[in-house]
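Undergrad: Can you keep this structure in mind? I'll have questions shortly.
The values are calculated or read from the model by the stated rules, or taken from the named source; none is laboratory data. As the structure is a computational prediction, the values presented were derived from the model and not from experiment. Here Cβ is always computed from backbone atoms with ideal geometry, including for glycine, and neighbour counts include all displayed protein chains. Accessible surface areas use protein heavy atoms only, side chains included; no ligands, DNA or RNA. Shrake-Rupley method; radii C 1.70, N 1.55, O 1.52, S 1.80 Å.
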Amino acid sequence: MSFTSLPHGLATELRELGPLVDFLQRSRWAQRAGEPGISDFVLGNPHDPVLPGFTRALERVLPPQASNWHAYQMSDPHACEVVARSLSEQTGVSFDPAFVTMTNGAFTGLSVALQTVVEPGDEVIYISPPWFFYPSMIRRAGGVPVSVSIDWERIDIDLEAIEAAITSRTRAIIVNSPHNPTGKVFSAEALQQLAEILTRASNRNGRSIAIISDEAYRRILFDGRACPTPAAFYPQTLVVYTFGKTLLTPGERIGFVALAPEYPQREEAMAGLFAAQVLTGYGFPNALLQHAIDDLDGEIIDLASLQAKRDRMVEGLRAAGYRTSEPEGTFYLVVESPFANEWEFVDLLAQDDVFVLPGTVFDAPGYIRISLTGTMEMIERALPIFAAAHAELLTPV
Ligand code: PMP
């Protein structure tokens, strides 16, 4: 499709997202998703039953407890209190509930955070490989996306490359840790150094650079690890969170944006977030989800089981000869395709009912992403197929 009947900006985004949209709507995976017996590692979607505590939480709030139970709900002050307290406990940074806004997931959080800081033509740096929608969201907010690759050797944030990418027009950087798709958790030292780089650059520019910290996976951590936040080191940080990962219920939309304690001109920023949320299409979570926040915040998926799947997958793939990242958090790992064109590899696996995401759709051609939200049975079924594919692809013909 050429999208000539659509407005120019939207058509550009559609063309940019073309490979992703094609994959999600037209690939072999799109035709087969949900079938029993396949090994589906494509998205961070649940394949196990939902947490019973999640269902109980919603059942508890379903009967109306007041006449305004289903009224228009912006950010419920009680929900803001609960999430600010929880985030403060997780991070050791004291977040103030007055500077939290409840959002319809991290999608909306990222979008309104960008709208609140970006002027037309401002550059916004993002770390590549990114979550699919960063560049398009930056453009929708009027900004110019600037991609900075991770250091692929170390699979870690590349501070020198970030420093080199900063110009007088840089307005913000999106940092995503734990990082989708590599699973890397950026260290406190790296975030501290990033803060120093941004402070120097902001002083030079006479205008401060904001950090939009996408912490969607901040509670999906392995080996008892902690997840440092840039908010501990850098005042102008907007923390973006979603419950969709922690509860593995991405179809139920609730998250938030929290401003770091020393965020400059916080009242204005809150007014900006509020306006952006209303105008973006009432980007608040549904009232029922906000009523359930006490229970929801206390629930988390079984991390030991997720970690066991990580261990099995990484060990199995490496034994078969693959190079993979070793996730410290998130649902994902990236794997180097044994074929330069990873689509051929993806197709080969799909012939045997194993489905993975091609790297081209997340700016990493030559790699694939595997989601560990697939079940252990899927992993056991898939590992011999991965091994056979590796052997087949490397056999000279
Ligand atoms: N950021 C990252 C890094 C993600 O992986 C996702 C979901 N895949 C989101 C944001 C959006 O989260 P949600 O759909 O819960 O809003």
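Undergrad: Can you pull out the residues in the stretch 349-377 that are under 22 Å from GLU315 (Cβ atoms), open to solvent by 10 Å² or more (accessible area, probe 1.4 Å) and in a helix (DSSP H, G or I)?
TA: The answer is MET376, GLU377.
Undergrad: Here's something else I'd like to know. Out of THR249, THR229, report the one residue that is within 11 Å of the ligand (Cβ to nearest atom) and closer than 25 Å to GLN307 by Cα.
TA: Of THR249, THR229, the one residue that is within 11 Å of the ligand (Cβ to nearest atom) and closer than 25 Å to GLN307 by Cα is THR249.
Undergrad: Working only within the stretch 15-30, note down all residues that are within 21 Å of the chain's Cα centre (by Cα) and in contact (Cβ under 8 Å) with a residue 12 or more places away in the chain.
TA: Scanning the stretch 15-30 gives GLU16, LEU17, PRO19, LEU20, PHE23.
Undergrad: Okay, next question. For the stretch 31-54, name all the residues that are under 24 Å from the mean Cα position of the chain (by Cα) and of a type in the set (Val, Ile, Thr).
TA: Passing the criteria: VAL42, VAL50.
Undergrad: I would also like to ask the following. Among the residues of the stretch 273-302 satisfying the criterion of being assigned to a loop (DSSP other than H, G, I, E, B) and of a type in the set (Asp, Glu), which is surrounded by the most Cβ atoms within 10 Å (Cβ to Cβ)?
TA: GLU299
Undergrad: Given GLU336, GLU315, GLU392, GLU342, which one is touching a Gly at 6+ places or on another chain (Cβ under 6 Å) and farther than 27 Å from THR249 by Cβ?
TA: Numbers: GLU336 fails: touching a Gly at 6+ places or on another chain (Cβ under 6 Å); GLU315 fails: touching a Gly at 6+ places or on another chain (Cβ under 6 Å); GLU392 fails: touching a Gly at 6+ places or on another chain (Cβ under 6 Å).
Testing whether each residue is touching a Gly at 6+ places or on another chain (Cβ under 6 Å) and farther than 27 Å from THR249 by Cβ leaves just GLU342.
Undergrad: Return the residues of the stretch 231-249 that are polar (S, T, N, Q) and assigned to a strand (DSSP E or B); say none if nothing qualifies.
TA: THR237, THR242, listed by residue number.
Undergrad: Output the qualifying pairs, or none if there are none: Cβ atoms under 7 angstrom, residues six or more apart or on different chains, first residue in the stretch 247-272 and under 12 Å from ALA98 (Cα atoms), second residue open to solvent by 30 Å² or more (accessible area, probe 1.4 Å).
TA: Once the first residue is under 12 Å from ALA98 (Cα atoms) and sits in the stretch 247-272, its partners that are open to solvent by 30 Å² or more (accessible area, probe 1.4 Å) give LEU259/ARG266; ALA260/PRO235; PRO261/SER94; PRO261/ASP96; ALA269/THR116.
Undergrad: Looking only at the stretch 66-78, decide whether some residue is away from the ligand (no atom under 16 Å from the Cβ), in a helix (DSSP H, G or I) and touching a Pro at 6+ places or on another chain (Cβ under 8 Å).
TA: yes
Undergrad: Assess whether SER111 counts as being surrounded by fewer than 18 Cβ atoms within 10 Å (Cβ to Cβ), in contact (Cβ under 8 Å) with a residue 12 or more places away in the chain and touching a helix residue (DSSP H, G or I) at 6+ places or on another chain (Cβ under 8 Å).
TA: So SER111 fails the test.
Undergrad: Select from the stretch 14-56 the residues that are touching a Pro at 6+ places or on another chain (Cβ under 9 Å) and part of a helix (DSSP H, G or I) and write down the one among them that is surrounded by the most Cβ atoms within 10 Å (Cβ to Cβ).
TA: PHE23
Undergrad: A further question on this structure: Among the residues of the stretch 250-272, what is the count of those that are open to solvent by 10 Å² or more (accessible area, probe 1.4 Å) and part of a loop (DSSP other than H, G, I, E, B)?
TA: 9
Undergrad: Hey, among SER39, SER27, which residue is more than 16 Å from the ligand (Cβ to nearest atom), among the polar types (S, T, N, Q) and touching a strand residue (DSSP E or B) at 6+ places or on another chain (Cβ under 8 Å)?
TA: SER39
Undergrad: Continuing with the same structure: I'd like to verify a number: residues in the stretch 303-345 that are at negative phi, part of a loop (DSSP other than H, G, I, E, B) and within 19 Å of the chain's Cα centre (by Cα), how many?
TA: The number of residues fulfilling the criteria is 5.
Undergrad: Out of the stretch 235-249, which residues are more than 17 Å from ALA79 (Cβ to Cβ) and open to solvent by 10 Å² or more (accessible area, probe 1.4 Å)?
TA: Here is the first cut: in the stretch 235-249, the ones more than 17 Å from ALA79 (Cβ to Cβ) are 235-238, 245, 248.
Within the stretch 235-249, PRO235, GLN236, LYS245, LEU248 qualify.
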